[in-house]
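Here's the structure, in structure tokens; my notes come after.
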Amino acid sequence: MNSELGKIFIFIHIYAIMKVGLLEDFKGNMTALWDAENLVIINGKEEEISLAYGRISNFMDLDILIGKNFLDGEINFLRQVYDIIIDGSNIAKKINIENFKAELTLGNVVISSARIFDDFVTFFFPFPIRNCSINYSIVYEVLDYDIMRELHRITKLGGKVRIIIKDKLHGGLSVDDIMKFIIKFDVEKISWKDGFWVIDLIKKRR
């Protein structure tokens, strides 16, 4: 066990009665949400859940979620559900970023909230929003197949979704990595601005 993981499990030992989730890549190393292949649940015994084809819908009630190199948007999004998120050996904190104007925002400073008629509806998954009711959504640094399916469900025909992710040079992802998560929507435009990839999507079919 490496020293970093050792520190984490010392922390967990102190809170032994808690249910802990560990995000792992295909090699068994700690990783971020977007790159996770398995979720290891530690709660007296160890259980492994595959996240290969969907992540969020497989998550269980956890007290602590552990990963490494989370994207900022992932931390903001997951903080809505988990009281403690550990990024590497550090406790992750919510960050403040620009508050984008959209009917639905994921991963920004308004943590996983939908602004409908000037009221905030806080949620995790599935989204408590009716089918084909949203014109425009912005997703900041949250990539997940289940989320993309939900976005497609709630987006109106002709509606748009903008995905914003840091580029690889700034600790984020490559366009190829991002495109692996683009399902159901058509890509309208790919651009780059100030260290971020901006992927504009449109819903052309139900």
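Counting Lys and Arg as +1 and Asp and Glu as -1 over every other residue whose Cβ lies under 14 Å from the Cβ of Val175, the net charge comes to +1. The local environment of Leu151, defined by Cβ-Cβ distances under 15 Å, has a net charge of +4 under the rule Lys, Arg +1 and Asp, Glu -1.
Annotation: amide H of Asn38 within the under-5 Å range of Glu24, Leu51, sequence separation 5 or more or interchain, hydrogens built in the peptide plane. Amide H to amide H, with H built 1.01 Å from N, Thr155 comes under 5 Å of Cys132, Ser133, Ile134, counting only residues 5 or more places away or on other chains.
Near Gly54: Cβ cut-off under 10 Å, other residues only, Lys/Arg at +1 and Asp/Glu at -1. The net charge is 0.
State which entries of Lys168/Lys204; Lys156/Lys184; Lys19/Lys68 exceed 20 angstrom in Cα-Cα distance in the structure shown. In this structure, Lys168/Lys204 exceed 20 Å between Cα atoms.
Only the coordinates and a few stated rules stand behind these numbers; no lab work does. Predicted, not measured: the structure shown is a model, and the values here were computed from it. Positions of Cβ are generated from backbone atoms using ideal geometry, with glycine treated the same way; all protein chains shown enter the neighbour counts.
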